[in-house]
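Structure first, then comments.
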Amino acid sequence: RAVTALFGTATVLPVYRVAMRWGARHAALAAGLMAVMPLHVRAPHYVLTDVPVTFFVTLTLLLTLNAHERERAASFAWAGAAAGLAAATKYPGGLSIVVPLIAVWMTLGTKPSRLIASLAVVGSAAAAFLVAAPFTILDLPAFLNGYAHLAGYYTPKRLAEPAWLTYYKHLSRSMEWPAFLLLLGGLGLGAVRAVRGPGRVRWTVTIAFPLLYFYFLSGQTLVFGRYLLPLLPFVCVLAAVGTVSGVSLLRRFDIPRAPRTAVIAALTAAALLPPAWQSLGFIRTIARTSTVEQAHNWILSDIPKGASIVIETQAL
């Protein structure tokens, strides 16, 4: 659990570093939103692969943006390795390989060439996957049997409601409406910037992965809210960009800086406070002593030792 919690906490830093490509205020809001997001706050309390895979997916995005700026195949290889670690942690994390591949082909000055850089991404991803999950090769029959068993859980079945609708509810309720509306604004702005620029590459990869991943989840029959975790870093960045950059567009109407800053501050509070309050409620709840623990403690403290041993033995 401690390792899972460390991965969850560490994810906030690459979110901040990614959002710094837009500006310091964008980065502060994105990191703050990631830190208080209820889905992200809850999951690290349990031993779940969804938490470390979220870290590696976010690391893939950060290393991809670094590689785009350096325009080197070796830099893109590091991004591919992060995607390989994401896949080794949890197979759907392998979808993050599209992030460096998209960036490679949009980075015209990549050296020595975009083809070599693409091969470096795929090769390093495969190598990192095998290093982190060596029994994929060392015990191939067991791996294939286990994978087939897992695939059996994804056989088509009738759901009470479409998976995409369930995930939409999880995401919107976790973010609360102010932050969710800002996310929609960030997606709209991102779609425009991905086509017109500036910053076409960073915009494209930031909106492409969450859309692809959400589409992937919507086609599955196993539906759990925690499966949305790899989307959250992208969601937080887009919501932050939708807030700060969206308000900055008001400069075109000769609105003074002070009112614009006040609007950004108000939207920041509206985005952060509802999910933070929800997360605090969860922490208060989980910190309470359960009735089972209360009964156990009462038995140990108020019933004679010999009797408590009999009771515990009967319970077992």
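The values are calculated or read from the model by the stated rules, or taken from the named source; none is laboratory data. Please read all numbers here as calculations on a predicted model, not as lab measurements. Methodologically, a virtual Cβ is constructed for each residue, glycine included, from the backbone with ideal geometry; neighbour enumeration extends over all protein chains shown. Keep in mind that these areas ignore ligands, DNA and RNA; they rest on the heavy atoms of the full protein, side chains included. Shrake-Rupley method; radii C 1.70, N 1.55, O 1.52, S 1.80 Å.
Annotation note: Cβ proximity below 7 Å between a residue of region 114-126 that is farther than 16 Å from Leu63 by Cα and assigned to a helix (DSSP H, G or I) and a residue that is open to solvent by 20 Å² or more (accessible area, probe 1.4 Å) and at pLDDT below 95 (sequence gap 6+ or interchain) occurs for Arg114/Trp105. Applying the selection to region 104-114, what residues are surrounded by fewer than 18 Cβ atoms within 10 Å (Cβ to Cβ) and aliphatic (A, V, I, L, M)? Those that are surrounded by fewer than 18 Cβ atoms within 10 Å (Cβ to Cβ) and aliphatic (A, V, I, L, M): Met106, Leu108. No other residue among Tyr153, Tyr215, Tyr168 is open to solvent by 50 Å² or more (accessible area, probe 1.4 Å), more than 17 Å from Leu95 (Cβ to Cβ), hydroxyl-bearing (Ser, Thr, Tyr) and at pLDDT 90 or above apart from Tyr168. Region 4-62 holds helices (runs of 4 or more DSSP H) entirely within its bounds, and those carrying 2 or more residues that are under 28 Å from Ile102 (Cβ atoms) and open to solvent by 40 Å² or more (accessible area, probe 1.4 Å) map to 12-19, 24-36. Among the residues making up region 1-56, those that are over 30 Å from Ala266 (Cα atoms) and in contact with a Leu (Cβ under 7 Å, 6 or more places away or on another chain) are Thr4, Asp50, Val51, Phe56. Look at region 13-28: where a residue is within 17 Å of Ala194 (Cβ to Cβ) and a partner is open to solvent by less than 60 Å² (accessible area, probe 1.4 Å) and small (Gly, Ala, Ser), sitting 6+ places away or on another chain with Cβ atoms under 6 Å, you get Ala19/Ala27; Ala19/Ala30; Ala19/Ala240; His26/Ala19; His26/Ala240. Only one entry in Leu189, Leu119, Leu101, Leu184 is crowded, with 16+ Cβ neighbours inside 10 Å and closer than 26 Å to Met37 by Cα, namely Leu189. If you go through region 270-287 and keep only what is surrounded by fewer than 12 Cβ atoms within 10 Å (Cβ to Cβ) and not β-branched (Val, Ile, Thr), you end up with Gly281, Arg284, Ala287.
Residues of region 80-93 include at least one that is surrounded by fewer than 20 Cβ atoms within 10 Å (Cβ to Cβ), assigned to a helix (DSSP H, G or I) and modelled with pLDDT under 95.
Residues in region 63-74 that are more than 20 Å from Thr9 (Cα to Cα) and crowded, with 20+ Cβ neighbours inside 10 Å: Thr64, Leu65, Ala67, His68, Ala73.
Answer yes or no: is there a residue in region 288-308 that is part of a helix (DSSP H, G or I), open to solvent by less than 60 Å² (accessible area, probe 1.4 Å) and modelled with pLDDT of 85 or more. Looking for residues that are part of a helix (DSSP H, G or I), open to solvent by less than 60 Å² (accessible area, probe 1.4 Å) and modelled with pLDDT of 85 or more, one finds none in region 288-308, hence no.
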